[in-house]
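Just below is one structure, and these are the notes that go with it.
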Amino acid sequence: MKDDLNLIRVLVALDQHRRVGLAARALGITQPGLSNALKRLRATHDDPLFVRSPRGMQPTPKGQQLVDAAREMLELYKTRMLGDSAFVPESTPAEFRLAMSDVGEMVFLPRIIEHLRVHAPQATVRCAVVPPSELTVALEDGRLDLAIGYFPDLSGGNIFQQKLFSHGFVCLVRANHPLVGRKVTRRQFLELGHAAVHAEGRSQEVLEQYLRRKRIRRRVVLDVPHFMSIPYVIASSDLIVTVPLAVGTAFASTVGRLKVLDAPFDIPRFDLKQHWHRRFHKDSRSRWLRSQISQLFNEKTDEWRELKAVDG
């Protein structure tokens, strides 16, 4: 049984690290030892299982089937035979690794940090910037625990997701704007100068796609790659900007001198979710973290669900 378990671990390590040397080091064996184990597996299954590529050792279809089965067997062995040690948030040091956009950090992080201070006082949080094309791999190999926010391309059979809440868009103008009162009209929206944000986060794409589809052309005066300068620009100019609801209300409450107004168009809403990998679906630490996020952020506790104008 020990030899069979070692072969299972070889499959999982090769799939995780994609390099023979790295996989061997992770298992604490020599590179020739791992190569011999792979040779035995190839002979048993009459398939190369892993083939070399510019991205490292890639599994064949048969190899991927065996890897998936090996992960399930290791998880079963860990939980049923060894006993999965429970995560104790009150006393266990932990580093939670999260992927969010800069907007997501502004919306989610304050409440997460305050919650962990009380319920997991030894925990730390690390936010990582990971290209969308690498998110799945980062969740799989444990570099990330969760991706939280709007990630429409993060899907597939190995990715689990849970909807937290959905949001729409609002407009921001300065509090004493000479042309805009308690609402912005379609005519004003088209005539005013706009600030446009093209950030790494994907939520703004929902707005831009809607405007293109409806052939609504703004007069863009300022185009920026991130949100952080926006409230200061809007508060000191006659420009208007369209941003996600949580962003607009956060800017108005912290920076001041801003009005949050309904957009004059029916811009589609978008879902904010938490995403994780199948590999960690039953892990006690991951389960605890996901439960905290879903308690903090959901449709019932959504503090932004009712828009009210905010005058600075």
Quiz item: Within segment 1-36, can you find the residues that are under 21 Å from HIS277 (Cβ atoms), part of a loop (DSSP other than H, G, I, E, B) and without any contact (Cβ under 8 Å) to a residue 40 or more places away in the chain?
Solution: ARG19
Quiz item: If we keep just the residues of segment 250-267 that are touching a strand residue (DSSP E or B) at 6+ places or on another chain (Cβ under 6 Å) and of a type in the set (Val, Ile, Thr), which is surrounded by the most Cβ atoms within 10 Å (Cβ to Cβ)?
Solution: VAL260
Quiz item: Can you tell me which residues in segment 185-222 are surrounded by 13 or more Cβ atoms within 10 Å (Cβ to Cβ), β-branched (Val, Ile, Thr) and touching a His at 6+ places or on another chain (Cβ under 9 Å)?
Solution: VAL197, VAL221
Self-check item: Complete set of residues in segment 198-225 that are touching a Gly at 6+ places or on another chain (Cβ under 9 Å) and in a loop (DSSP other than H, G, I, E, B)
Solution: GLY201, ARG202, ARG218
Quiz item: Any idea which of GLY142, GLY104 is part of a helix (DSSP H, G or I), small (Gly, Ala, Ser) and either in contact with a strand residue (DSSP E or B) (Cβ under 8 Å, 6 or more places away or on another chain) or under 22 Å from GLN292 (Cα atoms) (or both)?
Solution: GLY104
Quiz item: So which residues in segment 14-40 are within 23 Å of VAL137 (Cβ to Cβ) and crowded, with 19+ Cβ neighbours inside 10 Å?
Solution: LEU14, ASP15, ARG18, VAL20, ALA23, ALA24, LEU34, LEU38
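A quick yes/no check of all residues on (1) closer than 19 Å to SER286 by Cβ; (2) among the β-branched types (Val, Ile, Thr):
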position: PRO110; (1), (2): no, no
position: VAL118; (1), (2): no, yes
position: CYS127; (1), (2): yes, no
position: ASN176; (1), (2): no, no
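Does at least one position in segment 172-193 carry a residue that is under 25 Å from ARG111 (Cβ atoms) and in contact with a strand residue (DSSP E or B) (Cβ under 8 Å, 6 or more places away or on another chain)? Walk me through how you get there before you give the answer.
Filtering segment 172-193 for residues under 25 Å from ARG111 (Cβ atoms) gives 172.
Filter once more, keeping what is in contact with a strand residue (DSSP E or B) (Cβ under 8 Å, 6 or more places away or on another chain): 172.
Taking every residue of segment 172-193 in turn, at least one turns out to be under 25 Å from ARG111 (Cβ atoms) and in contact with a strand residue (DSSP E or B) (Cβ under 8 Å, 6 or more places away or on another chain).
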Exercise. State yes or no: is LEU261 modelled with pLDDT of 90 or more and in contact with a His (Cβ under 9 Å, 6 or more places away or on another chain)?
Key: no
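Before we move on, is ARG182 closer than 23 Å to ASP68 by Cβ, touching a residue at least 40 places away in the same chain (Cβ under 8 Å) and assigned to a loop (DSSP other than H, G, I, E, B)?
Numbers: closer than 23 Å to ASP68 by Cβ: no; touching a residue at least 40 places away in the same chain (Cβ under 8 Å): yes; assigned to a loop (DSSP other than H, G, I, E, B): yes.
Considered against the rule, which asks whether it is closer than 23 Å to ASP68 by Cβ, touching a residue at least 40 places away in the same chain (Cβ under 8 Å) and assigned to a loop (DSSP other than H, G, I, E, B), ARG182 comes out as no.
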Exercise. Would you be able to say whether some residue in segment 147-160 is part of a helix (DSSP H, G or I) and not β-branched (Val, Ile, Thr)?
Key: no
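Out of all the residues in segment 49-61, is one or more among the basic types (Lys, Arg) and part of a helix (DSSP H, G or I)? Don't jump to the end; show me each part of the working.
First pass over segment 49-61, keeping only residues among the basic types (Lys, Arg): 52, 55.
Adding the requirement that they be part of a helix (DSSP H, G or I) leaves none.
The answer is no; no qualifying residue exists.
Has segment 246-258 got any residue that is of a type in the set (Lys, Arg) and under 30 Å from ASP145 (Cβ atoms)? Walk me through it before giving the result.
Going through segment 246-258, the residues of a type in the set (Lys, Arg) turn out to be 257.
Next, only the ones that are under 30 Å from ASP145 (Cβ atoms) stay: none.
No, because not a single residue in segment 246-258 is of a type in the set (Lys, Arg) and under 30 Å from ASP145 (Cβ atoms).
Could you tell me which of the residues PHE160, PHE169 is under 26 Å from PRO231 (Cβ atoms) and surrounded by 14 or more Cβ atoms within 10 Å (Cβ to Cβ)?
On the way: PHE160 fails: under 26 Å from PRO231 (Cβ atoms).
None of the other options fit; the residue is PHE169.
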Quiz item: For the subset of segment 73-126 comprising residues that are modelled with pLDDT under 90, surrounded by fewer than 18 Cβ atoms within 10 Å (Cβ to Cβ) and among the hydroxyl-bearing types (Ser, Thr, Tyr), which member is farthest from LEU139 (Cα to Cα)?
Solution: SER91
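Taking the condition over 15 Å from ALA263 (Cβ atoms) and either in contact with an Asp or Glu (Cβ under 8 Å, 6 or more places away or on another chain) or modelled with pLDDT of 95 or more (or both), does ARG212 pass? I'd like the intermediate steps shown before the answer.
Values: over 15 Å from ALA263 (Cβ atoms): yes; either in contact with an Asp or Glu (Cβ under 8 Å, 6 or more places away or on another chain) or modelled with pLDDT of 95 or more (or both): no.
It is false that ARG212 is over 15 Å from ALA263 (Cβ atoms) and either in contact with an Asp or Glu (Cβ under 8 Å, 6 or more places away or on another chain) or modelled with pLDDT of 95 or more (or both).
The values are calculated or read from the model by the stated rules, or taken from the named source; none is laboratory data. Quick caveat: nothing in here was measured; it's all calculated off a predicted structure. Note: ideal-geometry Cβ built from the backbone for every residue, glycine included; neighbour counts use all protein chains shown.
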